[in-house]
1. Out of VAL100, VAL87, I need the residue that is over 23 Å from SER205 (Cα atoms), within 15 Å of ligand 2 (Cβ to nearest atom) and either in a helix (DSSP H, G or I) or at pLDDT 95 or above (or both). Which one?
2. What are the residues in the stretch 103-116 that are closer than 11 Å to ALA33 by Cβ and either crowded, with 20+ Cβ neighbours inside 10 Å or within 16 Å of ligand 2 (Cβ to nearest atom) (or both), if any?
3. Check off (1) touching a Lys or Arg at 6+ places or on another chain (Cβ under 9 Å); (2) in a loop (DSSP other than H, G, I, E, B) for ASP168 and give me the number that stays unchecked.
4. Hey, among the residues in the stretch 187-207 that are within 17 Å of the chain's Cα centre (by Cα) and in a helix (DSSP H, G or I), which one's surrounded by the most Cβ atoms within 10 Å (Cβ to Cβ)?
5. Within the stretch 117-136, is even one residue outside any loop (DSSP other than H, G, I, E, B), among the β-branched types (Val, Ile, Thr) and either surrounded by fewer than 20 Cβ atoms within 10 Å (Cβ to Cβ) or touching a residue at least 40 places away in the same chain (Cβ under 8 Å) (or both)?
6. Name every residue in the stretch 24-42 that is surrounded by fewer than 24 Cβ atoms within 10 Å (Cβ to Cβ) and within 19 Å of ASN122 (Cβ to Cβ), in order of residue number.
7. Here is a list: ALA39, ALA19, ALA78. Which entry is modelled with pLDDT of 95 or more and more than 17 Å from LEU115 (Cα to Cα)?
8. Mind checking whether some residue in the stretch 49-56 is outside any helix (DSSP H, G or I), away from ligand 2 (no atom under 15 Å from the Cβ), of a type outside the set (S, T, N, Q) and surrounded by fewer than 17 Cβ atoms within 10 Å (Cβ to Cβ)?
Amino acid sequence: MSTKVPIVENVLKLNDELALQNRELFQRSGVFAVDLIGAPGAGKTALLEFTLRQLKDVINIGVIVGDPATSRDGDRLAKYSRHIVQVNTGSGCHLDANQVRHAMDKLKLADLDVLIIENVGNLICPVSFNLGQHCKIGMFSVSEGDDKAAKHPNLVVSADLLILNKMDLIPYIPFDLARFRQDVEHLNRAAPLLEISVVRNQAASWLDWLTARAGQQKSFRKAGKHKEKAVARSQR
Ligand SMILES: Nc1nc2c(ncn2[C@@H]2O[C@H](COP(=O)(O)OP(=O)(O)OP(=O)(O)O)[C@@H](O)[C@H]2O)c(=O)[nH]1
Ligand SMILES: [Mg+2]
């Protein structure tokens, strides 16, 4: 009877410890890491294809992509970057810190500015598992219906950035945009909400956000390195 809750707690505790190690590796490599969470079909991989295409001469992006059974997303992304690792989770409904750690072993972090982790399509399970990322992104799309932010408050509350994709479909399907915006604002005023359409290549706000955050991470690392050198000099 009493074993059930402690087992779940232990799993999350172990995951948190591994996530901390992942975070240290990201910090040391100066890599800005994001966890992209959204429902199946929200357009996560489409957004990453667009991003890799648009930013290929600007920043080096690696992707770890989680999927229960196929390498299809990884194959799509491999057309645009050699820094792609596909993780099959089988019956698992989310990626965990250990899977990300193993996938990171297949990447040269030192060559990257940004690592995007496309989580398994799911709005619930991935939210509880810290991967060591700097930012968590919650992605919704118009075709899922305007009630999804309200129905999945844990994702909205914990996200650093929210994306609403498939804005091109607004004229064709019932979607109360004002209500969706209101639900998001009610749950999380701090996270920006970016309304985009990947198929129309209308996602400049996302590219701006990503490049700005990647730049901040790089300067943070440079400042850290200067500080380390200054401390080493003062100890000589
Ligand atoms: N209309 C429209 N369709 C889009 C847009 N972005 C993506 N799609 C389509 O949505 C479908 C799902 O896109 P994916 O990128 O595979 O979605 P995903 O979130 O990666 O899905 P999973 O990996 O299965 O969770 C594809 O048919 C895309 O072409 C968009 O902005 N507008
Ligand atoms: Mg995908």
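The values are calculated or read from the model by the stated rules, or taken from the named source; none is laboratory data. Computed from a predicted model, the values in this text were never measured in an experiment. Here the Cβ positions follow ideal geometry from the backbone for every residue, glycine too, while neighbour counts run over all protein chains shown.
1. Working: VAL100 fails: within 15 Å of ligand 2 (Cβ to nearest atom).
That would be VAL87, the only listed residue that is over 23 Å from SER205 (Cα atoms), within 15 Å of ligand 2 (Cβ to nearest atom) and either in a helix (DSSP H, G or I) or at pLDDT 95 or above (or both).
2. The answer is MET104, LEU112, ASP113, VAL114, LEU115, ILE116.
3. Going through the list (1) touching a Lys or Arg at 6+ places or on another chain (Cβ under 9 Å); (2) in a loop (DSSP other than H, G, I, E, B), ASP168 breaks only (2).
4. TRP206
5. yes
6. Taking the stretch 24-42 first, the residues surrounded by fewer than 24 Cβ atoms within 10 Å (Cβ to Cβ) are 24-30, 34, 39-41.
If the condition is that a residue be surrounded by fewer than 24 Cβ atoms within 10 Å (Cβ to Cβ) and within 19 Å of ASN122 (Cβ to Cβ), then VAL34, ALA39, PRO40, GLY41 are the ones that fit.
7. Numbers: ALA19 fails: more than 17 Å from LEU115 (Cα to Cα); ALA78 fails: more than 17 Å from LEU115 (Cα to Cα).
Criteria check complete, one pass: ALA39.
8. Initially, the stretch 49-56 is screened for residues outside any helix (DSSP H, G or I), giving 55-56.
Then keep just the ones that are away from ligand 2 (no atom under 15 Å from the Cβ); that gives 55-56.
Right, trim to of a type outside the set (S, T, N, Q) and you get 55-56.
Then drop every residue that is not surrounded by fewer than 17 Cβ atoms within 10 Å (Cβ to Cβ), which leaves 56.
Yes, there is a match, as at least one residue in the stretch 49-56 is outside any helix (DSSP H, G or I), away from ligand 2 (no atom under 15 Å from the Cβ), of a type outside the set (S, T, N, Q) and surrounded by fewer than 17 Cβ atoms within 10 Å (Cβ to Cβ).
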